[in-house]
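Read the structure below first, then the notes.
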Number of protein chains: 2
Amino acid sequence: MGDLSMLSLNTATAKYASLAECASACAEAGLGWIGPWRNRIQEVGSADAAKIISAVGLSVSTVCRGGFITATEPDSRSRAIVENTRAIEEAEALGARELVMVVGGLPAGDKNLVSARERVAQRLGDLVPIAHNHGVRLALEPMHPLFTADRGVLTTIGQSLDIAEQFEPEEVGVVIDTYHIWWDPDAHESIERAGHQGRISTYQICDWILPLTANTLNSRGLPGDGYIDFPTITRWVSEAGYTGPVEVEIFNENLWIQPVRQIVDAISARYVDLVGPYL
Amino acid sequence: MGDLSMLSLNTATAKYASLAECASACAEAGLGWIGPWRNRIQEVGSADAAKIISAVGLSVSTVCRGGFITATEPDSRSRAIVENTRAIEEAEALGARELVMVVGGLPAGDKNLVSARERVAQRLGDLVPIAHNHGVRLALEPMHPLFTADRGVLTTIGQSLDIAEQFEPEEVGVVIDTYHIWWDPDAHESIERAGHQGRISTYQICDWILPLTANTLNSRGLPGDGYIDFPTITRWVSEAGYTGPVEVEIFNENLWIQPVRQIVDAISARYVDLVGPYL
């Protein structure tokens, strides 16, 4: 169905499949990459996860996810360092260059968004030396403002770059996920800026669909089913110098219930139609 | 309960009350202002609406709303000019200086967000001379990215100012609505910029609450019930030089079913607690 060698399945797109099932389906369909979530890695252990993936000839685009580093309490901060260190080690074990960081929302009862964002930069300062030692880059994920309160206080690529720039390009990058950034009036300019700095850690694709489902976290669509202009954004990413894999990460109950190979075929068709030609 | 002379009830906050009921409740409670939606004006006609409001000693903070100017078809564009001209005339009839503009989302089947935003500037070019002749300012409302696809392609104050600056400060302003802009990492800087240009048309308050309701349009809370830091944002608006009324616009089914005076008392209490002291 076309060249899928730069396509990656993020395992959250096939939520109910094991890592082995995801890997087999990707390899059979001709994909070159996979982006495992940590729950899929931990089910089998890092060493076996690495074997499962390399046995079928896939490479790892990203590991999802570290983060949740906005806490104020010393105890919570310590736990976040421990947990992120584990995530870094898992990424290293899988040969993943990029660890996606969902930075977290406002701590319970705390409305100081400015301070929460400052703590993200502070915790990165703690984590970057650790990640550096393991050869892993921390990929800051700006999230749709739908999630600012409870999941990710970073909302734009530009804001994420302002923080990333406090570190070396091989230490901290940014995630370009169409779902999270398509609305941003500065998206084109910020993608250029990220690309010129060599900080695009991954390009993830997912569509904005309406109406939102009751669980807004899972209200995401296959590329082409919603409002996002994939050819245009893909061109921006490509022109910014990004040559890495394109990862598909979709949270959608109706997609999840399908057999994993059917999911892989569905994302492959949309990729070939809306993204591949514009890389 | 404190000084309410600069508080304004946007009539959408009391969706099921008539203009006369809203006006009476505001006056009895000691509010100085009201912000009527066009449906409430049209029910009685502009002339009577003006009388109802002035009879109880209120002033009009804004008229809501004009806009929906992103269409591509010549017919739709013409209809938008006609409809907005009516809105401008209604605002003038009520002595309202500010007409809130919800600019509209993507036209059906059209995913070109960049072009849709360009058309907003073009249609403003058509409308500004009309509004100018009627002594009305067009107040661009940046909307939460939740609504980019279907309601408002302007998402940030900064982006709205970029368009507003193509016109005189007395011709095009911007709306600062906490619900729509609280997540913006550039909110403080953009509020300063808007204030220094004399372009803050209105300051509207409403809280971001979770989980979102099934109809995401109506998923808004009383100040204090959600995640927004009202003292901080109010201070930013005040320090930017804004001295106008503070309008409360909340779409919430549970609030709407209450008697209008109860609604007015509820917003007054929150205003006195979270906003008034920081002006």
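The values are calculated or read from the model by the stated rules, or taken from the named source; none is laboratory data. Just so we're clear, the structure is a prediction, and the values are computed from it rather than from any experiment. Virtual Cβ from ideal backbone geometry, glycine too; neighbours counted across all protein chains shown.
Brief remarks follow.
- Residue match in the range B:76-91 (condition: surrounded by 15 or more Cβ atoms within 10 Å (Cβ to Cβ), farther than 30 Å from A:Glu189 by Cβ and in contact with a Gly (Cβ under 6 Å, 6 or more places away or on another chain)): yes
- In summary, A:Leu99 fulfils each of the numbered conditions (1) in a loop (DSSP other than H, G, I, E, B); (2) buried (at least 17 other Cβ atoms within 10 Å of the Cβ) with the single exception of condition (1).
- Qualifying residues in the range B:131-160 (those that are in contact with a Ser or Thr (Cβ under 7 Å, 6 or more places away or on another chain) and part of a helix (DSSP H, G or I)) - the one farthest from the other protein chains (Cβ to nearest Cβ): B:Ile157
- Restricting attention to the range A:34-75, the residues that are hydrophobic (A, V, I, L, M, F, W, C) and exposed (fewer than 14 other Cβ atoms within 10 Å of the Cβ) add up to 2.
- Among the residues listed as B:Val100, B:Val60, the single one being touching a residue at least 60 places away in the same chain (Cβ under 8 Å) and in contact with a Lys or Arg (Cβ under 9 Å, 6 or more places away or on another chain): B:Val100
- Check on B:Arg193, within 25 Å of B:Ala96 (Cα to Cα), basic (Lys, Arg) and in contact with a strand residue (DSSP E or B) (Cβ under 6 Å, 6 or more places away or on another chain): no
- Any hit, the range B:31-48, residues being within 19 Å of B:Gly173 (Cα to Cα), touching a Lys or Arg at 6+ places or on another chain (Cβ under 6 Å) and either in contact (Cβ under 8 Å) with a residue 40 or more places away in the chain or of a type in the set (A, V, I, L, M, F, W, C) (or both): no
- Inclusion of A:Val114 among residues that are farther than 30 Å from A:Asp207 by Cβ, within 13 Å of another protein chain (Cβ to nearest Cβ), of a type outside the set (Asp, Glu) and surrounded by fewer than 24 Cβ atoms within 10 Å (Cβ to Cβ) is warranted.
For every residue, the table says whether it meets (1) assigned to a loop (DSSP other than H, G, I, E, B); (2) more than 25 Å from A:Thr148 (Cα to Cα).
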| site | (1), (2) |
| --- | --- |
| A:Asp3 | yes, yes |
| A:Leu9 | no, yes |
| A:Ala23 | no, yes |
| A:Ala27 | no, yes |
| A:Ala47 | no, yes |
| A:Asp75 | no, no |
| A:Asn84 | no, no |
| A:Ala87 | no, no |
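- Evaluated against (1) under 30 Å from A:Gly109 (Cα atoms); (2) in contact (Cβ under 8 Å) with a residue 12 or more places away in the chain; (3) within 14 Å of chain A (Cβ to nearest Cβ); (4) surrounded by fewer than 18 Cβ atoms within 10 Å (Cβ to Cβ), B:Ala214 falls short on exactly one condition, (2).
- Among the residues of the range B:138-196, those identified as surrounded by fewer than 23 Cβ atoms within 10 Å (Cβ to Cβ), more than 25 Å from A:Arg151 (Cβ to Cβ) and not charged (D, E, K, R) are B:Leu161, B:Ile163, B:Gln166, B:Phe167, B:Pro169, B:Gly195, B:His196.
- Within the range A:180-207, the set of residues being in contact (Cβ under 8 Å) with a residue 60 or more places away in the chain and under 23 Å from B:Thr156 (Cβ atoms) comprises just one member, A:Gln204.
- Residue count, the range B:201-211 (criterion: more than 9 Å from every other protein chain (Cβ to nearest Cβ) and either at pLDDT below 95 or crowded, with 24+ Cβ neighbours inside 10 Å (or both)): 6
- Condition met for A:Ile52 (in contact with a Leu (Cβ under 6 Å, 6 or more places away or on another chain) and either in contact (Cβ under 8 Å) with a residue 40 or more places away in the chain or part of a helix (DSSP H, G or I) (or both)): yes
- Residue count, the range A:13-30 (criterion: in contact with a Lys or Arg (Cβ under 8 Å, 6 or more places away or on another chain) and within 16 Å of A:Gln258 (Cβ to Cβ)): 5
- Complete set of residues in the range A:127-143 that are more than 12 Å from A:Gly67 (Cα to Cα) and charged (D, E, K, R): A:Arg137
- The condition (being farther than 25 Å from A:Cys22 by Cα and touching a strand residue (DSSP E or B) at 6+ places or on another chain (Cβ under 7 Å)) is satisfied by just one residue among A:Ile205, A:Ile228, A:Ile181, A:Ile250: A:Ile228.
- The set of residues in the range B:233-279 that are in contact with a Phe, Trp or Tyr (Cβ under 7 Å, 6 or more places away or on another chain) and polar (S, T, N, Q) comprises B:Thr234, B:Ser238.
- Restricting attention to the range B:218-269 and to residues that are charged (D, E, K, R) and surrounded by fewer than 22 Cβ atoms within 10 Å (Cβ to Cβ), the residue that is nearest to the other protein chains (Cβ to nearest Cβ) turns out to be B:Asp229.
- Test: residue in the range A:3-13 that is surrounded by fewer than 18 Cβ atoms within 10 Å (Cβ to Cβ), at pLDDT below 95 and more than 26 Å from A:Glu165 (Cβ to Cβ): no
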